[in-house]
Amino acid sequence: MIGIKEFNKKITSLKNTRKMTKTMKMVSASKFKRAHKAQNNAKEYALKITGLMGRLTSYGMVSHPLLTVKKAVTKGLVVLFTSDKGLCGGFNNNLIRKTRHWISENPYKYTTIGMSFCGRRGYMSFRRTAKINKYYENITMKPVFSDAQKVVQDLTEDFVKGNYDEIYLAYNRFDGPMSQTPVIEKILPLDVSVFANALTASGPGSPKPHNYSYEPEEKEILNFMVPKFLNFKIFFTLLENAAGEHGARMSAMDKASTNTGDLIDRYTLLRNRARQAAITTELIEIISGAEALK
């Protein structure tokens, strides 16, 4: 049976753990506030630029290499966005599980499936089993636009050169501090139907296709807008990933603090029972000894 000294050690250890989890929760709450503000500020721009691409494609502007579907699709690439650190509940594991399932569902569509990684957790999970294309270190904790541009440059180069026929993003869509949804969506070639859906969702005032004259020329417009859209898409994905990570960690540390508190209460009760049993045993021994001396 565990003695009082062992119970005291357990309770002290649990109290130290609770201090640590509460501290991590407060740090994550502070980081989440900044990450969520950045993500929320960028959300309106993301909707606007998607709507603008929808209007351009509705006018028939689709003659761009990054909008062109390859005739033979045999090589796919998945860009996985995870966190660099753990202790954030199922934030990484749910996405990694979904990505593995997606890869296992497409063994015949692609002869080759490569993977690029933004975030150490995803890289560590797939490094022994996947064909690694690129690993971008230290870009998910504090997203900056220049990192997104670097990722887009590599992706467009791989796509245009024919290294990969289709490229997908796997990331956690930010729904709230306690809710992130794993998503896998195609980024290249750009899907015109997605822009059409965004245009339909924008309301009844959406423009209808017509024969327009362009100023500047269609090619110049697309050469300007398509890279801008892709750069911001990757940057917004990094922002969503960062906000979701801090939100998930804040929630996980709150649950850990609550569970630690429950364990402290449980072990305190067991320690008090053990102490009461020891006192009762000692009293019985004293009384028995006194009775024996009579």
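Helix 145-161 against the longest principal axis of the chain: what's the angle in degrees, Cα atoms only, rounded to the nearest 10? It works out to around 50 degrees. For the peptides 240-246, 159-165, the ranking by packing is 240-246, 159-165, with the highest mean count of neighbouring Cβ atoms within 10 Å listed first. Applying 1/(1 + (r/R0)^6) with R0 = 25 Å to the Cβ-Cβ distance of Met225 and Val144 gives a FRET efficiency near 0.70. Above 25 Å lies some portion of the pair distances; for the chain, what is it as a whole percent of all C-alpha pairs? Summing the P(r) tail past 25 Å for the chain gives 60 percent. For Thr82, the residues whose amide H sits under 5 Å from its own are Cys118, Gly119, Gly122, ignoring neighbours fewer than 5 places away on the same chain, with H placed 1.01 Å from N. Each Lys and Arg contributes +1 and each Asp and Glu -1, all at the Cβ; summed about the Cα centre of the chain, the dipole is approximately 1000 debye.
When all alpha carbon pairs of region 236-294 are counted in 10 Å bins from zero, the resulting P(r) reads 19, 20, 16, 14, 12, 9, 6, 3, 1 %.
The candidates Val144, Val151, arranged from most to least accessible area with a 1.4 Å probe in the full protein assembly, appear as Val144, Val151. Counting pairwise Cα distances across region 32-75, what percent come out greater than 15 angstrom? Tail of the P(r) past 15 Å holds 64 percent of the pairs. The Lys33 and Ile184 beta-carbon pair, evaluated with R₀ = 45 Å, returns a calculated FRET efficiency of approximately 0.95.
Kirkwood radius, region 1-148, all distinct C-alpha pairs, inverse of mean reciprocal distance: 19.8 Å. Computed over protein heavy atoms with a 1.4 Å probe, the accessible surface of region 153-192 works out to 39 Å² per residue.
For Ile2 and Ile132, a Förster radius of 45 Å and the Cβ-Cβ distance give a FRET efficiency of 0.40, rounded to the nearest 0.05.
Taking the protein heavy atoms of the chain in the context of the full set of protein chains, the accessible area attributed to carbon and sulfur is 55 percent at 1.4 Å. Estimated at 0.36 nm per residue, the fully extended path between Lys109 and Asn40 surpasses their Cα-Cα distance by 21.2 nm. Accessible surface area normalised per residue over region 236-294 is 57 Å², counting heavy atoms of protein chains with a 1.4 Å rolling probe.
Over the C-alpha atoms of region 99-158, the Rg to Rh ratio, Rh being the Kirkwood estimate, stands at 1.00. Gain on full extension, evaluated as 0.36 nm per residue between Glu282 and Val160 minus their Cα-Cα distance, stands at 35.5 nm. The angle between the Cα long axis of helix 192-201 and the longest principal axis of the Cα atoms of the chain comes to about 70 degrees, rounded to the nearest 10.
The values are calculated or read from the model by the stated rules, or taken from the named source; none is laboratory data. All values reported here derive from a predicted model rather than from experimental measurement. Cβ coordinates were reconstructed from backbone atoms using ideal geometry, including for glycine residues, and neighbour counts include every protein chain displayed. To get the accessible areas, we keep the full protein, side chains included, count just its heavy atoms, and leave off ligands, DNA and RNA. Shrake-Rupley method; radii C 1.70, N 1.55, O 1.52, S 1.80 Å.
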